[in-house]
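Notes follow once the structure below has been shown.
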Amino acid sequence: WILMTTAQTPTNIAVIKYWGKRDENLILPINDSISVTLDPEHLCTTTTVAVSPSFDRDRMWLNKKEISLSSDRYQRCLREIRSRANDFEDEKKGIKITKKDWENLHVHIDSYNNFPTAAGLASSAAGFACFVFSLARLMNVKEDLGKLSAIARQGSGSACRSLYGGFVKWNMGKNDDGSDSVAVQLADEKHWDDLVIIIAVVSSRQKETSSTTGMRETVETSKLIQHRAKVFLCPLTCLIHLNISPYRINRVTNKDNRRLVSELHLIFLILILARVQSFRIIGCVEKWNSAEGSPQAAYTFDAGPNAVLIARNRKVAALLLQRLLFHFPPHPDTDLDSYVIGDKSI
Ligand code: DP6
């Protein structure tokens, strides 16, 4: 027999970034973060997991290519899920699996991203969230989403936020074992439902610096990063960043777009992850906002060159896209591949 299940998990875009770890093994952050979960149509991972007594080892395929499951991140997630597996019975199919059986049964995992992997589009967020969620369903794990988020976090920090739709906060937590470092939903996908996110895929090549390395280097070399975590952003981390002053954290989900935009404008730049096109796009949005006299759109980046543009409603999004297509049409000769539109989603 073979038992399988499929799940789909969208990616998320942080409006208050997670940057820096206090524990690299358990993936515990040095600050709270807030993100918006996107529509799965354009930016999601679909994962099918299967179990059968005929499988002789755990195996995984990512975008149709077999990959190794030996990294600590995969192993930790697998172990955590297996240890919470429950009895399962399907009388019709004659399948009966006890809690104990799961320890010796192997799984096959087939995962597919409908967007460029590791190009700064948070593929690890959707990937690990889907990995954990689909395995939890297969193994009849009864834990709530908060507990599952703490497991997904151990695959990739930002993954914990992808288990919920709408606006999601990852509480950094205080405990050494990470038990309180979980994601919670702040507002569901119906909140600010006309918010539109446009991602200018500046380059679909794999990013040169991973978030993990960038964060480590920041924590090791920046005198200001601890200050940022507590009070204000420092201008030295390895990405174009948002303001994350804790006293502002509650305001981000406020529907007042002016506030969101002003949060988003308090950014800082480290050039290695961005490209010329990224800066041109920022310039275009800035110019448009000042010409309109009030903020229409905001921008952010996730450890890569792709500009993530946030429009306050569909009308603004349509106008913005028009401008972008006029000034920066995607072309094989330029660094601009395409535009991906994402709505908030469940
Ligand atoms: C810039 O979650 O990819 O997107 O925990 O090392 O896997 P690891 O890092 P990852 O970092 C995401 C960083 C970010 C900001 C964010 O999503 O909050």
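Bear in mind these aren't lab numbers, they're just calculated from the coordinates by the rules spelled out. Keep in mind that what you see is a predicted model, and the values were worked out from it rather than measured. Glycine gets a Cβ as well: all are built from the backbone with ideal geometry, and neighbour counts include every protein chain shown.
Data table
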{"read-out": "Proximal lysines to Lys223, defined as alpha-carbon separation beneath 19 angstrom and excluding residues fewer than eight positions away on the same chain", "value": "Lys17, Lys21"}
{"read-out": "Value of D in µm² per second that Stokes-Einstein yields for the range 1-147, Kirkwood Rh from Cα pairs, at 4 °C (1.567 mPa s)", "value": "79 µm²/s"}
{"read-out": "Order of His331, His227 - criterion: other Cβ atoms within 10 Å of each residue's Cβ, fewest first", "value": "His331, His227"}
{"read-out": "Amide H within-cut-off set for Asp58, under 5 Å, with H built and near neighbours excluded", "value": "Val107"}
{"read-out": "Burial order of peptide ranges 32-45, 156-169, 80-93, 100-113 (average beta-carbon count within 10 Å, highest first)", "value": "156-169, 32-45, 100-113, 80-93"}
